[in-house]
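Q: Before I ask anything, let me first share the structure, which is written out below as structure tokens.
The values are calculated or read from the model by the stated rules, or taken from the named source; none is laboratory data. Note that the structure is a prediction, hence the values are computed from the model and not measured. Here the Cβ positions follow ideal geometry from the backbone for every residue, glycine too, while neighbour counts run over all protein chains shown.
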Amino acid sequence: MSARAHPVGEVVLSVENVSLSFGGVKALQGITFDVREHEVRAIIGPNGAGKSSMLNVINGVYHPQQGTIKLRGREFHDMNSHEAAKMGIARTFQNIALFKGMSVLDNIMTGRNLKMRCNFLQQALWIGPARREEMAHRRAVEEVIDFMEIQHIRKTPVGKLAYGLQKRVELARALAAEPTLLLLDEPMAGMNLEEKQDMCRFVLDVNDHFGTTIVLIEHDMGVVMDISDRVVVLDYGKKIGDGTPDQIRTNQAVIDAYLGVAH
Amino acid sequence: MFYREAGQFKSSYAEDQQIFPIRQDRIGITALLLVVFVAVPLLGDQYWLSAIFTPLLIFALAALGLNILTGYAGQLSLGTAAFMAVGAFMAYNFMLRLPWLGVIPSFILAGLCAAAVGVVFGLPSLRIKGFYLAVATLACQFFVLWAIQRWGWITNYSASGVITAQKMVILGFPFDTPALKYLLTLSIVTLLALLAKNLMRSETGRAFMAVRDMDVAAEVIGIRMMHTKLLAFAISSFYCGVAGAMYAFCYLGTVEPEAFTLDLSFRVLFMIIIGGTGSILGSFIGAAFITLLPIFLNVMFGGISHLLGVEIPHAVISNLELIIFGALIIFFLIVEPHGLARLWQIAKEKLRLWPFPH
């Protein structure tokens, strides 16, 4: 890979000994890994390995029974979603979680809600600061729309869009928050080759342009090995591998988990 | 043919985000406002002004209030009549006990009281959704009516629980004729509708819709669930409260607690379902539909019996009216489940393309 605009730096997020269970189901067992600034970190593993649970723990949707999460020097036993968003974490979901009744523009505008300062009375009057604020954020959102190349659909209700475009809008909504850490839960699931290539380009561009640190879950091994700096492998809630794509490719435990072992 | 936006270019975000971005719409709304503010009070007779247009506007405001909560924020509520009752009786009390306050501040304070009650009864929404929440808001309906009947202070110890709205005097000018009451109602409703529209196209409105459409995603983006839901209850109840105050002061005059039964809650709920949930316009269309249709049917049957020269028994007519009223509601809901406002929107989209199919 050629020289990067934002070289990989210090550890920004570290997950330490995190365990999460739902009743008797142990979704995560003592998971430890870290994410460095500006890197693309992939989490892979067979179905039900606990990948999505891991993301949900990082941004406070699930609360682990054990372990700590360190984000930029601050230590959390469990995150809450609001706090996570304030600390610059944004994410997309495995099953698209857009606001179906709203236009693309409004969906992306919601991504900037934490940056808006006016209270509801000022907004109701729509004069002075509220209006200026709305216009300023519209400008910022238009930049995201340009970046994601979705200008032509900005006024369309998202419910009417094709699947691939919805995925793109969801990424745009996350980007509108100007996150420092972006969690992507299977951004390429269910896409055809061309859409996947587009999405890969967007993910790499985000990393390159804004220096956003990216944690991504993906099933397409080609994509994972191609775009990520380091990969962590989960299986049945346990970590079975961690390293660069080349190390993972030759890791016997990973190969066994994916291909099965002869008994 | 005449409804085109060709040649109307937007060169700023402000222009693009106007309430009526198309020039023809702006002309239309100006004409409509002229008609309702000038022509109707000049030409309308006393019956139409005081018995039809004024309550229509008040219902539209209540429907708007419920629409903010149910249509935009997705929280189902059957407490509308209770919030209106709080508004009506508290406005009476403010006028009675603090007469120096004036009419409009009393209405606003009454709305704020309704908002406070709304927030309290909105608390269950933090845990429950949908039909279960609707049942929880039923508690509000029963509690408020019970409180009004039991707590003598609210009705100023009137034996029957009936209160008589005070005369409305604003800045020394009495609002006592049907036309003036109509104009006062219209002004308040227009202003509040504009504020609601502004709010719904701002961050608050987007947060409401986000909570309605996908609450987990809304939370992950940083929208505070409790704050947003309770704010929706507060704003919605404020609107219902002001509507209730006007229901007492501009329309009924004398008010008994039984004016605010569950029937009224359902009536307002039907208005937003038929008019269109999640639409300011829908609240007005729904209120107009539910208020005007029975009158229209009544006039129509009168005309038919006159034309045929036969006397149709009154009981038959009133039953027929109910049947047709119900059938029309079902018909419109089948044609467009998203309400008449959506139908209007589709018509406008078609009109922009007409006479071409695409």
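Q: Show the residue pairs meeting these rules: Cβ distance below 8 Å; 6+ apart or different chains; first residue within the range B:80-102 and without any contact (Cβ under 8 Å) to a residue 40 or more places away in the chain; second residue part of a helix (DSSP H, G or I) and not aromatic (Phe, Trp, Tyr).
A: Pairs found: B:PHE94/B:LEU101; B:PHE94/B:PRO105; B:PHE94/B:SER106; B:PHE94/B:LEU109; B:PHE94/B:ALA110; B:LEU98/B:SER106; B:LEU101/B:MET95; B:LEU101/B:LEU109.
Q: Of these, B:VAL117, B:VAL135, which one is modelled with pLDDT of 95 or more and aliphatic (A, V, I, L, M)?
A: From the options B:VAL117, B:VAL135, the qualifying one is B:VAL117.
Q: Any idea which residue in the range B:296-343 is surrounded by the fewest Cβ atoms within 10 Å (Cβ to Cβ), counting only those that are within 24 Å of B:ALA51 (Cβ to Cβ) and among the aromatic types (Phe, Trp, Tyr)?
A: Checked the range B:296-343; the qualifying residue surrounded by the fewest Cβ atoms within 10 Å (Cβ to Cβ) is B:PHE296.
Q: Could you tell me which numbered condition A:ILE89 fails, if it satisfies all but one of (1) within 13 Å of another protein chain (Cβ to nearest Cβ); (2) in contact with a Lys or Arg (Cβ under 9 Å, 6 or more places away or on another chain)?
A: For A:ILE89, the failing item is (2).
Q: Going by what's in this entry, would B:ILE290 be described as at pLDDT below 85 and either on the phi > 0 side of the Ramachandran plot or of a type in the set (Val, Ile, Thr) (or both)? Even if it seems obvious, please write down each step before you answer.
A: Details: at pLDDT below 85: no; either on the phi > 0 side of the Ramachandran plot or of a type in the set (Val, Ile, Thr) (or both): yes.
No, not satisfied.
Q: Of all residues in the range A:164-180, which are out of contact with any strand residue (DSSP E or B) (no Cβ under 6 Å at 6 or more places or on another chain) and within 13 Å of chain B (Cβ to nearest Cβ)? Show your work before the answer.
A: First, the residues of the range A:164-180 that are out of contact with any strand residue (DSSP E or B) (no Cβ under 6 Å at 6 or more places or on another chain): A:164-169, A:172-173, A:175-176, A:178, A:180.
Scanning the range A:164-180 gives A:GLN166, A:VAL169, A:ALA172, A:ARG173, A:LEU175, A:ALA176, A:GLU178.
Q: Oh, and also: Can you tell me which residue within the range A:84-108, out of those that are charged (D, E, K, R) and over 16 Å from the mean Cα position of the chain (by Cα), is nearest to A:TYR163 (Cα to Cα)?
A: A:LYS100
Q: Return the residues of the range A:108-143 that are in contact (Cβ under 8 Å) with a residue 24 or more places away in the chain and surrounded by 22 or more Cβ atoms within 10 Å (Cβ to Cβ); say none if nothing qualifies.
A: Of everything in the range A:108-143, those that are in contact (Cβ under 8 Å) with a residue 24 or more places away in the chain and surrounded by 22 or more Cβ atoms within 10 Å (Cβ to Cβ) turn out to be A:ILE108, A:MET109, A:THR110, A:GLY111, A:ARG112, A:VAL141.
Q: Where in the range B:1-98 are there helices (runs of 4 or more DSSP H), lying wholly inside it, with at least 2 residues that are among the β-branched types (Val, Ile, Thr) and more than 18 Å from the chain's Cα centre (by Cα)?
A: It comes to B:23-34.
Q: Could you list, in sequence order, the residues of the range B:269-309 that are of a type in the set (Gly, Ala, Ser) and touching a helix residue (DSSP H, G or I) at 6+ places or on another chain (Cβ under 9 Å)?
A: Result: B:GLY275, B:GLY276, B:GLY278, B:SER279, B:GLY282, B:SER283, B:GLY286, B:ALA287, B:ALA288, B:GLY302, B:SER305.
Q: Within the range A:130-150, can you find the residues that are touching a helix residue (DSSP H, G or I) at 6+ places or on another chain (Cβ under 6 Å) and within 13 Å of chain B (Cβ to nearest Cβ)?
A: A:ALA130, A:MET135, A:ARG138, A:VAL141, A:ILE145
Q: With the condition kept exactly as written, say whether any residue in the range A:239-250 is surrounded by 17 or more Cβ atoms within 10 Å (Cβ to Cβ) and in a loop (DSSP other than H, G, I, E, B).
A: Scanning the range A:239-250, I find no residue that is surrounded by 17 or more Cβ atoms within 10 Å (Cβ to Cβ) and in a loop (DSSP other than H, G, I, E, B), so the answer is no.
Q: Please determine, by comparing only the residues of the range A:77-86 that are surrounded by 19 or more Cβ atoms within 10 Å (Cβ to Cβ) and more than 7 Å from chain B (Cβ to nearest Cβ), which one is nearest to B:GLU15 (Cα to Cα).
A: A:ALA84
Q: Mind checking which residues of the range B:165-185 are surrounded by 13 or more Cβ atoms within 10 Å (Cβ to Cβ) and either acidic (Asp, Glu) or in a strand (DSSP E or B) (or both)?
A: Matches in the range B:165-185: B:VAL169 only.
Q: A further question follows. Under 7 Å between Cβ atoms, at least 6 apart or on separate chains: pull out the pairs that start in the range A:47-64 with a residue that is away from chain B (no Cβ under 13 Å) and end on any residue that is outside any helix (DSSP H, G or I) and at pLDDT below 90.
A: Hits for this filter: A:HIS63/A:ASP78; A:PRO64/A:ASP78.
Q: Name the single residue, out of those in the range B:207-227 being touching a residue at least 60 places away in the same chain (Cβ under 8 Å) and surrounded by fewer than 22 Cβ atoms within 10 Å (Cβ to Cβ), that is nearest to A:VAL61 (Cα to Cα).
A: B:MET225
Q: Okay, moving on. Quick one: would you say B:LEU76 is under 30 Å from B:ARG127 (Cα atoms) and away from every other protein chain (no Cβ under 14 Å)?
A: yes
Q: Continuing with this model, one more query. Between residues in the range A:12-25 that are under 30 Å from A:THR212 (Cα atoms) and residues that are acidic (Asp, Glu) and surrounded by fewer than 19 Cβ atoms within 10 Å (Cβ to Cβ), which pairs lie under 6 Å by C-beta distance while being six or more apart or on different chains?
A: Hits for this filter: A:VAL12/A:GLU37; A:SER14/A:ASP34.
Q: When the residues of the range A:98-116 are filtered to those that are out of contact with any Leu (no Cβ under 9 Å at 6 or more places or on another chain), of a type in the set (A, V, I, L, M) and over 17 Å from B:LEU199 (Cβ atoms), which remaining residue is nearest to the other protein chains (Cβ to nearest Cβ)? Give the steps one after another, and end with the answer.
A: First, the residues of the range A:98-116 that are out of contact with any Leu (no Cβ under 9 Å at 6 or more places or on another chain): A:99-103, A:105-106, A:109-110, A:112-116.
Next, from what is left, pick out any that are of a type in the set (A, V, I, L, M): A:102, A:105, A:109, A:114, A:116.
Adding the requirement that they be over 17 Å from B:LEU199 (Cβ atoms) leaves A:105, A:114.
Working: A:LEU105: 9, A:LEU114: 4 Å.
Across the range A:98-116, the extreme among qualifying residues is A:LEU114.
Q: Which ones in the range B:190-222 are of a type outside the set (D, E, K, R), within 7 Å of chain A (Cβ to nearest Cβ) and assigned to a helix (DSSP H, G or I)?
A: Those that are of a type outside the set (D, E, K, R), within 7 Å of chain A (Cβ to nearest Cβ) and assigned to a helix (DSSP H, G or I): B:LEU195, B:ASN198, B:LEU199, B:THR204, B:ALA207, B:MET209, B:ALA210, B:VAL216, B:ALA217, B:VAL220, B:ILE221.
Q: Now for a different question. Quickly run through the range A:144-167 and pick out the residues that are farther than 26 Å from B:SER11 by Cα and crowded, with 23+ Cβ neighbours inside 10 Å.
A: Listed by number, the list holds a single entry, A:LYS167.
Q: Looking at B:GLY253, B:GLY244, which is the one that is at positive phi, away from chain A (no Cβ under 14 Å) and under 23 Å from the mean Cα position of the chain (by Cα)?
A: Among B:GLY253, B:GLY244, only B:GLY253 is at positive phi, away from chain A (no Cβ under 14 Å) and under 23 Å from the mean Cα position of the chain (by Cα).
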